[in-house]
Amino acid sequence: MNLRRLLARVALTLSFAVAAVAPSLAQNAEPAAPAQPQIQAVAAPGLGAAKAAAATDNPYGLEALWKTSDAVAKAVLLMLVAMSMGSWYVIITKLFEQSRMNRQARAVERVWEAPTIAHGAEQLERGSPFRYIAEIGVEATRKHGGLLAHVDLNEWLTLSLHRATERVQSRMQNGLALLATVGSVSPFVGLFGTVWGIYHALTAIGVAGQASIDKVAGPVGEALIMTAIGLAVAVPAVLGYNWLVRRNKGVMDEVRAFGNELHPAILASVKAA
């Protein structure tokens, strides 16, 4: 009985203690509840500002440069575009021409299989430099008369084949002068556009009387685009020029080799006739 009474008293004491402490815990816990919305309210404006900054469009660029530039800057841009288009046209057309001549060089064996040089030349593709040189060689033997008869046939044939080879080489050089000009001139054209744009930008800033970083960096950065475009036009032109010159050398080696082999064949056919 004493034990039961003791347990009852302990339980009663604990209940009174809990009842006394519970209100103070509730009061301390109530201010903490609004903390979460407050944190969210602070975080929300930062996220919104970041999204707004990311969504802001860049007011500078090629489009803005074209719209705000004067007639001189637009003429420089159009000139650079024309140079780029011309250089790429030359590069592509010369590559096709050189590939065609390499294919035609593999068909030269038909000449040596024919009964005569004239019949062998007819087996070659029309417009082929190898057919042209073969026809010039045959024609040189036919023209070796009159005053030319006093010239040795060997020398006359050598001169005719050499002249035909030089004409082929001159035709192969067509367009390369444009690439060399574009590669050397376009950086300076772009630099001129940059200087012109910076001059007008600084003049406009001086008139407005505002020299903040946004007023200076934007127009000057747009003007520097001209130099970048000039370099972008010059680099492919220079690389294409060097590449095409090297390929031309390989093609012309084939043409000269054919002319050197054709020379004794024509002399032998003339003596046999």
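The values are calculated or read from the model by the stated rules, or taken from the named source; none is laboratory data. Note that the coordinates shown come from a computational prediction; the quantities given were computed from them, not determined experimentally. Glycine gets a Cβ as well: all are built from the backbone with ideal geometry, and neighbour counts include every protein chain shown.
What to note about this one:
- Options A228, A234: the member that is in a helix (DSSP H, G or I), modelled with pLDDT of 75 or more, exposed (fewer than 13 other Cβ atoms within 10 Å of the Cβ) and under 21 Å from the mean Cα position of the chain (by Cα): A228
- Of all the listed residues (A177, A164), the sole one being surrounded by fewer than 16 Cβ atoms within 10 Å (Cβ to Cβ), in a helix (DSSP H, G or I) and modelled with pLDDT of 90 or more is A177.
- Residue tally, condition closer than 17 Å to D253 by Cβ and surrounded by 15 or more Cβ atoms within 10 Å (Cβ to Cβ), over the stretch 103-131: 6
- The number of residues in the stretch 98-125 being in contact (Cβ under 8 Å) with a residue 40 or more places away in the chain and either not aromatic (F, W, Y) or not assigned by TED's automatic domain parsing to the domain that holds L267 (or both) comes to 8.
- Top-ranked residue in the stretch 93-112 [being hydrophobic (A, V, I, L, M, F, W, C) and over 16 Å from V245 (Cβ atoms); ranked as nearest to the chain's Cα centre (by Cα)]: F96
- The stretch 237-265, subset aliphatic (A, V, I, L, M) and within 18 Å of E155 (Cβ to Cβ), residue surrounded by the fewest Cβ atoms within 10 Å (Cβ to Cβ): A265
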